[in-house]
Amino acid sequence: PKDIPFLLDCGVLDVGFTGLDIIRETKTKLRPVVKTNRGKAKMCLMVPCNKEYSHPFHLMNKVVATPFPNIAREYFDKLKIKIKIQTVQGASEGIPYLGFAEGVVDVVATGTSAAENDLKIITDDLFDSECVAAVGKPELQSNYKEINNFLQRIYQ
């Protein structure tokens, strides 16, 4: 899913399935045209359960790890909270226990993984995501009729 926005943006693909979070993070100008009503998730700020943090302001001047640095930066800037964002890839849930960061921003579907890693969600209002069918630039598409027919079929 992380490659889809790039492949659509450069015209390699006409239609692709990816998350709204990925589209927003990559800052491409793709159009999410069909919500699939699948893969719903919330972007959450999580901290270890043994920390007394209960609000994003408690992370002022701390390190927050995330595979979504752009979304995290926008969120903390909006709140005027100065933090250091550290970009990570993969399983971010273990990062706070390595002493690498005080918190994690990542997508959460059910919260099971957070709980299993002894993390608590202190806010889940960063971004709501779900799987969408996105289309590339219209000027790169010569087969727009086929694309529209495909999108209509999956929308029904």
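Quick look at the values:
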item	result
Sequence-distant residues sharing a close amide H with Arg31 (under 5 Å, placed H)	Val135
Under the Karplus curve 6.51 cos²θ - 1.76 cosθ + 1.60, θ = phi - 60°, whole-Hz ³J(HN,Hα) for the stretch 9-20, x wherever Gly or Pro sits	5, 8, x, 6, 10, 9, 9, x, 9, 7, x, 4
Acute angle (nearest 10 degrees) that the helix 144-155 long axis makes with the longest principal axis of the chain, alpha-carbon atoms	50 degrees
Karplus-derived 3J(HN,Hα), 6.51/-1.76/1.60, for each residue of the stretch 45-54, Hz, glycine and proline x	9, 10, 9, x, 4, 7, 8, 8, 5, 9
Anchor Lys145: lysines whose Cα lies under 18 Å away (excluding residues fewer than 8 positions away in-chain)	Lys137
The stretch 15-73: radius of gyration and largest Cα-Cα distance (Dmax), Å	15.0, 45
Per residue value of the accessible surface for the stretch 77-156 (all protein chains in place, 1.4 Å probe), Å²	62 Å²
In Hz, Karplus ³J(HN,Hα) per residue of the stretch 113-123 (6.51, -1.76, 1.60; θ = phi - 60°; x = Gly, Pro)	5, 4, 5, 5, 9, 6, 10, 10, 8, 9, 7
Percent RCO, i.e. relative contact order, over the chain, from Cα pairs under 8 Å lying at least 6 residues apart	39 percent
Amide H contacts under 5 Å for Thr123, placed H, 5+ residues apart	Leu45
Count of lysine pairs in the stretch 1-100 with Cα separation under 15 Å (8 or more residues apart, or interchain)	6
Listed values (1) 1.05; (2) 1.12; (3) 1.17, entry calculated as Rg/Rh (Cα atoms, Kirkwood Rh)	(1)
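The values are calculated or read from the model by the stated rules, or taken from the named source; none is laboratory data. Owing to the predicted nature of the structure, the values given are computational and were not obtained by experimental measurement. Accessible surface is based on the protein model in full, side chains and every heavy atom, while ligands, DNA and RNA are left aside. Shrake-Rupley method; radii C 1.70, N 1.55, O 1.52, S 1.80 Å.
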